[in-house]
Amino acid sequence: MTSPATAAQPQPRTPQHLRNRRRALAAASALLLGALTLTACGGSASGSDKNDGKGSSDAAAAKDASTLKITISAKDGSSNASINSTAVTAQGGRLTRVAMTEAQSGKAVTGALAADGLSWKPAQKLERGTQYKIMATGQDDKGRSATENSSFTTVYSKNSFIGTYTPDGGSTVGVGMPVSFSFDKPITDKKAVQSHITVTSSSGQQVVGHWFDGQRLDFRPQDYWKAGSKVTMKIALDGVQGAKGVYGVQSKTVTFTVGRNQVSTVDAKTQMMTVQQDGKTVKTIPVSTGSAEHTTYNGQMVISEKFTETRMNGATVNFGGEYDIKDVPHAMRLSTSGTFIHGNYWYKGNPFGNAGTSHGCVGLRDVQGAQGDTPAKWFFDHSLIGDVVTVKGSPDKTIAPDNGLNGWNMAWSAWQAGSAV
């Protein structure tokens, strides 16, 4: 049995033993310093690191990620998104599904996915001031999936402007028809707006825009359009700032055709109208222009509207209750202020070709009901929107260029001076 004294007896410490212990402590200190140095520079050297190798896993996942890039034109969180050009496109793969909804109602927005899977767009123009959501998914050429989301609001009515224009696309018009825009809000950056509207003609004629005020912009060539030419109007106002905080929303192309060249000349002194087509006289018609008290404007006037029958009330053009005729036949508007060339069945006697008796309009013989073979019906049937009616010999002044579509009464140099580009 070992005695307690023997069990507790310490081993003798030789000089060599002490030297070995000091070397061990120094080595341990060096290892600890190295470990601390590694931690400070780039992470723990210990196998018990809490990332558990996730850094390597993330790198591997990133390396194997889909190469498909999905782009939604309306940026997530945007508040002035276009109502026209919202779209989804794909690069490095194909779209497989796009779901678009109105955020509040959840109503689905129908759209069309291109056959090649590279794009998607809504089937209809979006509503202004409405929040939408889009979720787009697709795959790259290795079958790896990708998804993109966007929640956005389209531009509000108060923050957008629209230009109502004439003539309509697909129409056939006379040689005097200008392209005329009327904007629903005042435009302060006229250069930006005008530069995003281009009007060209197949005839090669130079076309210049002219601002009459902050809300009306007309385009025309120096001389009448060439008969038979095609005119193309490109409207690229979507997202264009027309005034502070006010943006355009239109994006479209409109084409119309110019018909035969018809210009009719009314001589207020002889009370006769000569109708010419392509430079040849095809008809001479007796007329009755304005009376001495209510003269007819001189100048080139463009037919802007046609009515088989219409009501003419003197009260609407500051003539009080002097007349109110509810069935004026074959009426064609020549000015905004109320000048028409129209049929007349109520005159007593035969003023046509003899005397001016109207309140400023140009009257032609007609019958009530707009039926029958009359001079007024012939002229109505042979006239287009955009045809020119020129009045000369009247004691009145020349009509203002902005009173109707009558910019032809402005010199070309003055017209050009009104352009913002």
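The values are calculated or read from the model by the stated rules, or taken from the named source; none is laboratory data. Just so we're clear, the structure is a prediction, and the values are computed from it rather than from any experiment. Cβ coordinates were reconstructed from backbone atoms using ideal geometry, including for glycine residues, and neighbour counts include every protein chain displayed. Areas reflect the complete protein model, heavy atoms only, side chains present, ligands, DNA and RNA absent. Shrake-Rupley method; radii C 1.70, N 1.55, O 1.52, S 1.80 Å.
Numbers at a glance
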{"read-out": "Strands (runs of 3 or more DSSP E) wholly inside segment 339-421 that include at least 3 residues being more than 17 Å from residue 292 (Cα to Cα)", "value": "340-344, 388-392"}
{"read-out": "Residue under evaluation residue 293, criteria (1) farther than 25 Å from residue 410 by Cβ; (2) of a type in the set (Asp, Glu); (3) surrounded by 15 or more Cβ atoms within 10 Å (Cβ to Cβ), criterion not met", "value": "(3)"}
{"read-out": "Odd one out for residue 227, checked against (1) touching an Asp or Glu at 6+ places or on another chain (Cβ under 8 Å); (2) in a strand (DSSP E or B)", "value": "(2)"}
{"read-out": "Residue count for segment 261-290, restricted to those that are of a type outside the set (Lys, Arg), surrounded by fewer than 19 Cβ atoms within 10 Å (Cβ to Cβ) and not in a strand (DSSP E or B)", "value": "3"}
{"read-out": "Sole exception among (1) more than 16 Å from the chain's Cα centre (by Cα); (2) under 15 Å from residue 249 (Cα atoms) for residue 99, by number", "value": "(2)"}
{"read-out": "Count - residues of segment 176-212 that are over 20 Å from residue 416 (Cβ atoms) and open to solvent by less than 20 Å² (accessible area, probe 1.4 Å)", "value": "1"}
{"read-out": "Verdict on residue 125 being touching a Ser or Thr at 6+ places or on another chain (Cβ under 7 Å), open to solvent by 60 Å² or more (accessible area, probe 1.4 Å) and either under 27 Å from residue 158 (Cβ atoms) or outside any strand (DSSP E or B) (or both)", "value": "no"}
{"read-out": "Close pairs from segment 376-389: first under 14 Å from residue 173 (Cα atoms), partner open to solvent by less than 50 Å² (accessible area, probe 1.4 Å) and part of a helix (DSSP H, G or I), Cβ under 8 Å, at least 6 apart", "value": "388/408"}
{"read-out": "Members of segment 148-187 found to be outside any strand (DSSP E or B) and charged (D, E, K, R), listed by number", "value": "158, 168, 184, 185"}
{"read-out": "Pairs with Cβ under 6 Å, 6+ apart, first in segment 256-277 and in contact (Cβ under 8 Å) with a residue 60 or more places away in the chain and aromatic (Phe, Trp, Tyr), second crowded, with 16+ Cβ neighbours inside 10 Å and not in a strand (DSSP E or B)", "value": "256/167; 256/171"}
{"read-out": "Residue in segment 94-102 that is of a type in the set (Asp, Glu) and open to solvent by 50 Å² or more (accessible area, probe 1.4 Å) present", "value": "no"}
{"read-out": "Meets criteria (open to solvent by 40 Å² or more (accessible area, probe 1.4 Å), among the charged types (D, E, K, R) and under 14 Å from the mean Cα position of the chain (by Cα)) for residue 141", "value": "no"}
{"read-out": "Verdict on residue 253 being closer than 22 Å to residue 406 by Cα and not acidic (Asp, Glu)", "value": "no"}
{"read-out": "Residue in segment 296-323 that is surrounded by the fewest Cβ atoms within 10 Å (Cβ to Cβ), counting only those that are among the β-branched types (Val, Ile, Thr) and at pLDDT below 85", "value": "316"}
